[in-house]
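The values are calculated or read from the model by the stated rules, or taken from the named source; none is laboratory data. Quantities reported herein were computed from a predicted structural model and do not represent experimental measurements. Note: ideal-geometry Cβ built from the backbone for every residue, glycine included; neighbour counts use all protein chains shown. Please note that ligands, DNA and RNA were not included when accessible areas were found on the heavy atoms of the full protein model with its side chains. Shrake-Rupley method; radii C 1.70, N 1.55, O 1.52, S 1.80 Å.
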Amino acid sequence: MNWKSEAIREASQARNYGRIIELARTHQRMTQAQLGQVCGLSQSAISRLEKRGVSPYAMDVLLKVSQHLGIPVALLGLAEVPTLARIGTESVERRQFLGAAAAVAVSPALAVAASCVDEADHQASSLRLVTTSYRRLDGSTPSRELADAVRSHLRLIQGLISAAPTHAHRIRLAAIASEAASLAAWLAWDTGDNGSARSLYGAAIKAARSGANPLLAAYQTGSLAQFEAHAGNGAMALGLVKRARSFLEADSPRVADAWLSSVEALGHAAAGDQRSCDRALTRSRASLESNTHGEQPPWPWVFTFDEAKVASFRVTCGANLGLSKWVSDSTGPVLATGHAKQRALLMLDLAAGQLAEGQIEAAFALATEALKTGLTYRSGRIVERSRELRRRFNTSSPPKAVREFDERLHGVYL
């Protein structure tokens, strides 16, 4: 079977995984009933799978089918081709896994998604697969639905660390525990549980340092700095950014410096220092421009940090500083993000800028769209930010857009 054929490539790019399964099955002269039998499925289930098109697929089913047909898991959206990134003196294998994660956690077919040389490697790769899948699910799933699963996953990793047979294996598991703790912190933040978010970010930093991984320690410390900046604790955020930079080494990727500079800008904005904020954003853009080789997001970054992301930080800083021009100048690129909850938060920042310019109707029309997302994903963070925006506007005769916004916001309890 030619896995690089045009038909396979087009189906994979379109996420029509059923078509790939059908092509592989017919190439091996296997009937739907025969494939179903070896996978523990009915013939009709295989038929529905092959006709599913670009609709969502169950990850455990895709894993089972890929195992029996020998389909490379990357073609079914389950894993990207692994790459190696140097972090200090440690060679780190980075895999980005897509699709539903809950089924993976209990699926015996998980082994096909990791190229393992021994049981310890298999265990670590499997755990990282689940963590990364959960991270990607965060963009399209209510945090409250993910939080319990992620915390259970974290407890599992912590238990495995205590039972690890070797020091090297404990170090590797510590890095994975750090990733899981950071995700749990992010989910707690989104649900409005800031106390748990701080505690979990602290656990992520501690685990990263136990894992002897300076880049991961910088990433987790910067994540806590970002949280504190959004909470309005500018001085604390700036102190954490400084600490994060102390972990970076001479050969750290440029994206680390660019991202930390943008987080630093948030800290200055929270402290009300416009000049320092602007300088930090300028450094962030300069770091990205110096990346002439088009560096891909290095682990532990899962998503690309680019000019659009810097623009989104500028919008948030502008909203915090009351600089409507910073907000209005960046409307286009910042809303291009595919992460629904992050896009909603940026829409609220844009709405704050429009409100500052007196564009009441436009501001609350945008805020209403953001609130819809917040209610869809039951995001306490988005709802609370919506309430903050509403408190900025006081009038005895609110226009229609404000009344419609109030109707949606009234009586919301998450």
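A few points about this structure:
- Rounded FRET efficiency, nearest 0.05, which uses the C-beta distance separating R144 from E404 and R0 of 35 Å: 0.85
- FRET E, pair R378, A168, Förster distance 41 Å, beta-carbon r, rounded to 0.05: 0.50
- Spin-label pair Q13/S276, simplified geometry with 7 Å Cα→Cβ offset, distance in nm: 4.8
- Listed by chain and number, the lysines whose C-alpha is less than 21 Å from the C-alpha of K341, apart from same-chain residues fewer than 8 away, are K309, K372.
- Model label points for S199 and A231, set 7 angstrom from Cα along the Cα-to-Cβ axis, are 1.3 nm apart.
- Placing pseudo-labels 7 Å out from each Cα toward the beta carbon at L156 and D306 gives an inter-label distance of 3.4 nm.
- The base-10 log of I(q)/I(0) for region 135-254, evaluated at q = 0.15, 0.17, 0.22 Å⁻¹, reads -0.68, -0.86, -1.23 [Debye formula, identical scatterers on Cα atoms, solvent excluded].
- Taking the protein heavy atoms of region 171-261 in the context of the full set of protein chains, the accessible area attributed to carbon and sulfur is 53 percent at 1.4 Å.
- Ignoring lysines fewer than eight residues from K206 along the same chain, the ones with Cα atoms less than 21 angstrom from its Cα are K242.
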